[in-house]
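What follows is a single structure, and I will ask about it in a moment.
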Amino acid sequence: MTTDTPLFALRNVSKVFPGVKALDDVQLELYSGQVTALVGENGAGKSTLVKTMTGIYQPEAGDIWFNGEVVSFPNPEAARQMGITAIHQETVLFDELSVAENIFVGSYPTKGWLKSIDWSTMNERARAILAEIEAPLSPTAPLKGLSIGQKHMVAIARALSVKARVVILDEPTAALSHHEIQELYEIIERLKANGTAILFITHKFDEIFAVADRYTVFRDGRYIGAGSIKEVTEPELVEMMVARSVKDTYPKVEAELGDTVFSVKSLSHPTEFDDISFDVRRGEILGLYGLVGAGRTEIMKAIIGLSPKASGQVFLDGQPIDIRSPAEAIHHGIVYVPEERQQQGVMLDLPIYQNISLPQLHRTSKAGFLRPSREYELTQDYAKRLNVKTSNWSEVVNNLSGGNQQKVVIAKWLATDPKVIILDEPTKGIDIGSKAAVHQFMSELVQQGLAVIMVSSELPEVMGMADRIIVMHEGLITQTLLRSEASAEGIVSAATGGQS
Amino acid sequence: MKFAMRIVEQRELLLATVILFMLVVIASINPGFVHPENLASVFNDTSILIILALGQMLVILTRCIDLSVAANVALTGMVVALINSVFPGVPIPLLLVLSLILGAGLGAINGAFVWLLSVPAIVVTLGTMSIYRGVIFLLSGGEWVNAHQMSPEFLALPRQVFLGLPVLSWIALVVMVAVYLLSRFRPFGRELYASGGNPHAAFYTGINVGLTQFKAFVISGALAGLCGYLWVSRYAVAYVEVANGFELQVVAACVIGGISIMGGVGSVGGVILGALFLGIINNSLSVVGVSQFWQLAISGSVILIAVIANSRSERRADRIILRKAIAADALQPNPGTAASR
């Protein structure tokens, strides 16, 4: 299956934006029937590369080779005609249309001189494509009833409907459950068997070693290296990515454990979780591990009053408390840093200092009027501690990088002087450098006597940072482990419903 | 996003420049127009639009819209006119307070639907807009309340001159200062911007988004009620069709003034300039001998240009997906309030 000449290649390609060289003389080779993993930190130029490959951007220098010839993509349609398609993390599909309509959107089969849509042909062809990837979906089913994983299958079917030769998977597993990831892997295998060249972009190393045949590493818009996945190890890859050792990725510091500050007794929800009990001590990081859909976020939402709980009690410093809204949770000193930074965390249009004072407007005002000087003080105290990089606290958050936005969100919550901080997937989708900064900071928090509850789907993160690990499966706690007792196999087994 | 702030600031600067330019052109045709006395009368003429637009701004900041303001003006105006015609002895200050309370009540009805039932604001206020007009018909039986049925004090208040300006202008100035202080320096003002800018994040931050929207509707309604009295006494007549279609001018003043219809962006200065811009067009066209028809065409063109300017300033690389996501959220009413109940 392996051929010596690549099906698709970029040679010495550069792409310049005002002030930034997003791609600097980069190389990329994709081979028919092989998966090439593209590895790099945020800002390495991965998304620019994808846009260059799909005709959204045109390179300033260098050549695009396809099937042994130099080609150019003046627009996205040209790349699509050539059989180059990208499946993005947030796939653009239409909820109100059917599966088949989504697959053929933009190129519906037509009949007659009126060019009316040929429904039977369209559904028939959709059925054939779905059968090819063994997706158990009806062409006429409405898209809005499908799970995220099933929607991914539709997106893949759409890619195949145009006879894809090169498929770009841009962080496809970010929103998928364990089971759905396995299905995706199977689809990738089938694409490989058809001779498709695949570019696989991900932050997760286990996935790289599970599916990729080759790797290419970018750093700061430059090509660093490429090769066969069999001849490289994870530490070597990481070192190529960040050009520094990753020993400090999990800067776990044992903090002195204090009294139990927060506990939950028999918390239940009609559909999402049942009989959840745990407690956290001062200076402790409690890890909550589980697959997507295990009910972890729902528990946290119930705790801070975002969604109703059916039964159960919450205790703070031994006293039962009743939290009915996030405002009350903040008042009690329990804060929640949500998973979706941009949708749930920051006010993009407001300046940094206004973001940070937002949860405590009444504390920063006097006689009913806001005091900007007090808001600035608060911002200086906390944003500086988190090393938010900006020239001006009046800078609007939209102008900051993703990592800095996350720091603003965390600073906002720390400024409320909480007792318990809940971090939901605190390092989701951020690069290794920022990850280390967030982990470092978690260690500092517990040393200051805070209790941290960390919800995470990343096993290394949970094992690297948590003092105790609660493993959940389908709304139930299946295991509670001390850091010293934890093994990767045991945790995964408990999270997937097995007994260990 | 200093960039966007600059655009907002530039927007005010730009509007001020355009207004100055317009004045220069008009003055070259009819120098009398820019006489201070005439400019003061143009401001007085625009006062009601300014007051209503400032109330509307608070609502739009929360990602809602109040289309019922003009109907609110008409209904409140009719009620105070009827009271005045039947009980001429009721003191005017009491009527003023009554118009504020009644207007606030009508605003509260809108706000309650948005807050408690999560009905999209455009649907709610489209409905109440017709209902309020219908109520005027029921109260008045379709009859007009004319000047001779109103007491002299009732008619005099907005015209009374105080320190060189009519009371109507003074009321507009007070509302301008009050809304400025509210939006810039009160915690509630910050909550307005947060609720519209990102309702999800606002709710996670402990802000009751629905309640904030409700309060914005109440304030907008109260200001509309106040304008109800001002309108009816100024024009000395109350009938079903008072201020018919005026809500569009109010929304237009906001949009021209740089208020993002997506919520969370805008300033008092912009809205005042937006309203003055429309006021000057309304007042100057006949002075310079241009048909009233052009007034509509010019207002419409300016609104389109303003909207295009807004969307261009928001279009930044790599944020397009995010903007789309936010737009998609906006179509679902009040995520926060739904979850809170």
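Please enumerate the residues belonging to the stretch A:317-328 that are assigned to a helix (DSSP H, G or I) and either in contact with a helix residue (DSSP H, G or I) (Cβ under 6 Å, 6 or more places away or on another chain) or more than 9 Å from chain B (Cβ to nearest Cβ) (or both). Talk me through it step by step, then tell me what you get.
Here is the first cut: in the stretch A:317-328, the ones assigned to a helix (DSSP H, G or I) are A:326-328.
Matches in the stretch A:317-328: A:Pro326 only.
What is the one condition in (1) away from chain A (no Cβ under 12 Å); (2) over 12 Å from the mean Cα position of the chain (by Cα); (3) under 27 Å from B:Ser301 (Cβ atoms) that B:Ala252 does not satisfy?
Among (1) away from chain A (no Cβ under 12 Å); (2) over 12 Å from the mean Cα position of the chain (by Cα); (3) under 27 Å from B:Ser301 (Cβ atoms), B:Ala252 violates only (2).
Related question: Mind checking whether some residue in the stretch B:211-234 is under 30 Å from A:Tyr353 (Cβ atoms), within 14 Å of chain A (Cβ to nearest Cβ) and not basic (Lys, Arg)?
Yes: one or more hits.
Can you name the residue in the stretch B:180-201 that is of a type outside the set (D, E, K, R) and within 12 Å of A:Gln354 (Cα to Cα) and is also farthest from the other protein chains (Cβ to nearest Cβ) among such residues? First the steps, then the outcome.
Keep residues of the stretch B:180-201 that are of a type outside the set (D, E, K, R), which gives B:180-183, B:185, B:187-189, B:192-201.
Then keep just the ones that are within 12 Å of A:Gln354 (Cα to Cα); that gives B:185, B:187, B:189, B:193-194.
Values: B:Phe185: 5, B:Pro187: 4, B:Gly189: 8, B:Tyr193: 6, B:Ala194: 6 Å.
Of everything passing the filter in the stretch B:180-201, B:Gly189 is farthest from the other protein chains (Cβ to nearest Cβ).
Being among the small types (Gly, Ala, Ser) and closer than 30 Å to B:Ser301 by Cα is the filter here; which residues of the stretch B:226-249 pass it?
Applying the first criterion (among the small types (Gly, Ala, Ser)) to the stretch B:226-249 yields B:228, B:233, B:236, B:238, B:243, B:245.
Across the stretch B:226-249, the qualifying residues are B:Gly228, B:Ala243, B:Gly245.
Mind checking whether some residue in the stretch B:77-91 is surrounded by fewer than 16 Cβ atoms within 10 Å (Cβ to Cβ) and within 14 Å of another protein chain (Cβ to nearest Cβ)?
No, the conditions are met nowhere in the stretch B:77-91.
Looking only at helices (runs of 4 or more DSSP H) that lie completely in the stretch A:176-287, which have at least 1 residues being open to solvent by 20 Å² or more (accessible area, probe 1.4 Å), touching an Asp or Glu at 6+ places or on another chain (Cβ under 6 Å) and at pLDDT below 80?
In the stretch A:176-287, the matching helices (runs of 4 or more DSSP H) lie at A:205-211.
Counting residues that are surrounded by fewer than 21 Cβ atoms within 10 Å (Cβ to Cβ) and more than 24 Å from the chain's Cα centre (by Cα), which strands (runs of 3 or more DSSP E) fully inside the stretch A:403-500 reach at least 3?
Where strands (runs of 3 or more DSSP E) fall fully within the stretch A:403-500 and carry at least 3 residues being surrounded by fewer than 21 Cβ atoms within 10 Å (Cβ to Cβ) and more than 24 Å from the chain's Cα centre (by Cα), they are A:476-482.
Moving on to the next point. All but one of (1) surrounded by 20 or more Cβ atoms within 10 Å (Cβ to Cβ); (2) touching a helix residue (DSSP H, G or I) at 6+ places or on another chain (Cβ under 9 Å); (3) at positive phi hold for A:Val39, so report the exception by its number.
Tallying (1) surrounded by 20 or more Cβ atoms within 10 Å (Cβ to Cβ); (2) touching a helix residue (DSSP H, G or I) at 6+ places or on another chain (Cβ under 9 Å); (3) at positive phi, A:Val39 fails exactly one: (3).
Can you tell me which residue in the stretch A:83-111 is farthest from A:Ser138 (Cα to Cα), limited to those that are more than 28 Å from the chain's Cα centre (by Cα) and open to solvent by 60 Å² or more (accessible area, probe 1.4 Å)?
Selected residue: A:Lys111.
How many residues does the stretch A:29-66 contain that are assigned to a strand (DSSP E or B) and either among the aromatic types (Phe, Trp, Tyr) or without any contact (Cβ under 8 Å) to a residue 60 or more places away in the chain (or both)? It would help to see each step written out before you state the result.
Taking the stretch A:29-66 and keeping what is assigned to a strand (DSSP E or B), we get A:29-30, A:35-39, A:61-66.
Then keep just the ones that are either among the aromatic types (Phe, Trp, Tyr) or without any contact (Cβ under 8 Å) to a residue 60 or more places away in the chain (or both); that gives A:61-66.
Total meeting the criteria: 6.
Another question about this same structure. State yes or no: is A:Ser120 hydroxyl-bearing (Ser, Thr, Tyr) and assigned to a loop (DSSP other than H, G, I, E, B)? Explain how you work it out, then say what you get.
Working: hydroxyl-bearing (Ser, Thr, Tyr): yes; assigned to a loop (DSSP other than H, G, I, E, B): no.
Answer is no for this residue.
Looking at A:Asn398, is it outside any loop (DSSP other than H, G, I, E, B), closer than 25 Å to B:Ser260 by Cα, facing chain B (nearest Cβ under 9 Å) and at pLDDT below 90?
Considered against the rule, which asks whether it is outside any loop (DSSP other than H, G, I, E, B), closer than 25 Å to B:Ser260 by Cα, facing chain B (nearest Cβ under 9 Å) and at pLDDT below 90, A:Asn398 comes out as yes.
Determine whether A:Ser365 is in the same structural domain as A:Gly305 (by TED's automatic domain parsing) and at pLDDT below 85. Please lay out each step first, then the result.
Numbers: in the same structural domain as A:Gly305 (by TED's automatic domain parsing): yes; at pLDDT below 85: yes.
Spelling it out, A:Ser365 is indeed in the same structural domain as A:Gly305 (by TED's automatic domain parsing) and at pLDDT below 85.
Another one. Quickly run through the stretch A:329-379 and pick out the residues that are in a strand (DSSP E or B), surrounded by fewer than 17 Cβ atoms within 10 Å (Cβ to Cβ) and either under 23 Å from the mean Cα position of the chain (by Cα) or more than 8 Å from chain B (Cβ to nearest Cβ) (or both).
As a first pass, look at the stretch A:329-379 and keep what is in a strand (DSSP E or B): A:334-337, A:351, A:365-366, A:369-370.
Those left that are additionally surrounded by fewer than 17 Cβ atoms within 10 Å (Cβ to Cβ): A:366, A:369.
Of everything in the stretch A:329-379, just one residue is in a strand (DSSP E or B), surrounded by fewer than 17 Cβ atoms within 10 Å (Cβ to Cβ) and either under 23 Å from the mean Cα position of the chain (by Cα) or more than 8 Å from chain B (Cβ to nearest Cβ) (or both), namely A:Lys366.
Next question, about the same structure. Given the conditions (1) within 13 Å of chain B (Cβ to nearest Cβ); (2) touching a Leu at 6+ places or on another chain (Cβ under 6 Å), and given that A:Ile453 satisfies all but one, which numbered condition is not satisfied?
Failing condition for A:Ile453: (1).
Applying the selection to the stretch B:286-326, what residues are modelled with pLDDT under 50 and within 12 Å of chain A (Cβ to nearest Cβ)? Don't jump to the end; show me each part of the working.
The initial filter retains those residues of the stretch B:286-326 that are modelled with pLDDT under 50, namely B:315-326.
Correct list: B:Arg316, B:Ala317, B:Asp318, B:Arg319, B:Ile320, B:Ile321, B:Leu322, B:Arg323, B:Lys324, B:Ala325, B:Ile326.
The values are calculated or read from the model by the stated rules, or taken from the named source; none is laboratory data. What you see is a predicted model, and the numbers here were worked out from it, not measured in a lab. As a convention, Cβ positions derive from the backbone with ideal geometry for all residues, glycine included, and neighbour counts pool all protein chains shown. Surface accessibility is based on the protein's heavy atoms, side chains included, excluding ligands, DNA and RNA. Shrake-Rupley method; radii C 1.70, N 1.55, O 1.52, S 1.80 Å.
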